[in-house]
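Structure first, then comments.
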Amino acid sequence: MLDKSIAFKNIIMRMEADQVAALPDPALPDGYSFKLFRAGDEHHWARIETSVLEFFDTEAALRYFCRDYLPYLPELEERCVFIVDKNLLPIATATAWQADSRLGYQSSLHWVSVCPDYQGLGLGRAVVLKAMSILKEKDPGKPVWLHTQTWSHVAVRLYHSLGFNIIKKEQTAVVTNSADGVKISPNDYAAAMRVLEAVIEPDFLAELKRTAR
């Protein structure tokens, strides 16, 4: 769940290629399984992302997904993953995406979310590792980029524990259905660190700064 009680600032993170290669295989609790995106799952994606406050409502989430992701259906069917419960209802998602821009080719982790009722079960870690396993296969030997924000400071802990470090100056690109096809995400490193002082204990904040690149 996003913490919108604090200021929004962009955070860019990256995991180096050797760390990506060394990641363990994903594991799920009993009763849960992975599935890849299939036509119609855009509605589940919109429901999940709205449940964690990424969008105001499911209609806005669906419009976004249909505009910027659904045109790439073959890629979605190989790169967008869900966790489903025992009733086969998707309740978590992540996307192993990529962008080719003026920044060069970048493998990237997008839209990691777990429905609130299912948080605290290790599903966030599992769905990230599943998406990263796809990136290991699709883009071997490449680092993986991640755009997140101060509102996702709980998720920043997860990303850092897996091997992502905050990047001080570099940027990352997101594919969009716009004239130039990509959006370059700004890097608010210094401002983001100041915002996080209010919600992250000093020792962990110091660790984030120490490992920032």
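Here is a list of conditions, (1) in contact with an Asp or Glu (Cβ under 8 Å, 6 or more places away or on another chain); (2) modelled with pLDDT of 95 or more, and ASP117 meets all of them except one; can you say which number that is?
Single failed check for ASP117: (1).
Here's the yes/no breakdown for (1) polar (S, T, N, Q); (2) in contact with a helix residue (DSSP H, G or I) (Cβ under 6 Å, 6 or more places away or on another chain); (3) within 15 Å of LEU162 (Cβ to Cβ):
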position: GLY104; (1), (2), (3): no, no, no
position: ASP117; (1), (2), (3): no, no, no
position: GLY124; (1), (2), (3): no, yes, yes
position: ALA131; (1), (2), (3): no, no, yes
position: GLU137; (1), (2), (3): no, no, no
position: PRO140; (1), (2), (3): no, no, no
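Considering only residues that are more than 22 Å from THR172 (Cβ to Cβ) and touching a Lys or Arg at 6+ places or on another chain (Cβ under 8 Å), which ones fall in the stretch 14-35?
Hits for the stretch 14-35 are PRO26, GLY31, TYR32, PHE34.
Does ILE6 satisfy the condition of being under 30 Å from VAL199 (Cβ atoms) and within 16 Å of the chain's Cα centre (by Cα)?
Answer is no for this residue.
Output the number of the condition that GLU77 fails; it satisfies all remaining conditions of (1) crowded, with 17+ Cβ neighbours inside 10 Å; (2) farther than 21 Å from ILE184 by Cα; (3) in contact with a strand residue (DSSP E or B) (Cβ under 8 Å, 6 or more places away or on another chain).
GLU77 satisfies every listed condition except (1).
Can you tell me which residue among GLU49, GLU42, GLU16 is without any contact (Cβ under 8 Å) to a residue 40 or more places away in the chain and of a type in the set (D, E, K, R)?
Of the residues listed, the single one that is without any contact (Cβ under 8 Å) to a residue 40 or more places away in the chain and of a type in the set (D, E, K, R) is GLU42.
Does ASP68 fit the bill of being at pLDDT 95 or above and either within 26 Å of HIS153 (Cα to Cα) or out of contact with any Gly (no Cβ under 8 Å at 6 or more places or on another chain) (or both)?
So ASP68 fails the test.
Which residue out of PHE37, PHE65 is free of Cβ contacts under 8 Å to residues at least 60 places away in the same chain and more than 20 Å from TYR118 (Cα to Cα)?
Of PHE37, PHE65, the one residue that is free of Cβ contacts under 8 Å to residues at least 60 places away in the same chain and more than 20 Å from TYR118 (Cα to Cα) is PHE65.
Residue by residue through the stretch 9-43, note down the ones that are under 17 Å from the mean Cα position of the chain (by Cα) and either of a type in the set (Asp, Glu) or closer than 16 Å to HIS110 by Cα (or both).
ASN10, ILE11, ILE12, MET13, ARG14, MET15, GLU16, VAL20, LEU36, PHE37, GLU42
Taking the condition in contact (Cβ under 8 Å) with a residue 12 or more places away in the chain, closer than 22 Å to GLU137 by Cα and over 18 Å from the mean Cα position of the chain (by Cα), does LEU73 pass?
In short, yes.
So how many residues does the stretch 135-154 have that are out of contact with any strand residue (DSSP E or B) (no Cβ under 7 Å at 6 or more places or on another chain) and either in contact (Cβ under 8 Å) with a residue 40 or more places away in the chain or crowded, with 19+ Cβ neighbours inside 10 Å (or both)?
Total satisfying the criteria: 7.
For the stretch 159-213, give me each residue that is free of Cβ contacts under 8 Å to residues at least 40 places away in the same chain and of a type in the set (A, V, I, L, M).
Within the stretch 159-213, ALA179, ALA190, MET193, LEU205, ALA206 qualify.
Listed here are the residues, each with its yes/no results for (1) modelled with pLDDT of 95 or more; (2) surrounded by 13 or more Cβ atoms within 10 Å (Cβ to Cβ).
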| residue | (1), (2) |
| --- | --- |
| VAL156 | yes, yes |
| SER161 | yes, no |
| ILE167 | yes, yes |
| VAL174 | no, yes |
| ASN177 | no, yes |
| VAL182 | no, yes |
| TYR189 | yes, yes |
| MET193 | yes, yes |
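The values are calculated or read from the model by the stated rules, or taken from the named source; none is laboratory data. Not measured: the values here are computed from a predicted model. No Cβ is skipped: glycine too gets one built from the backbone with ideal geometry, and neighbour counts run over all protein chains shown.
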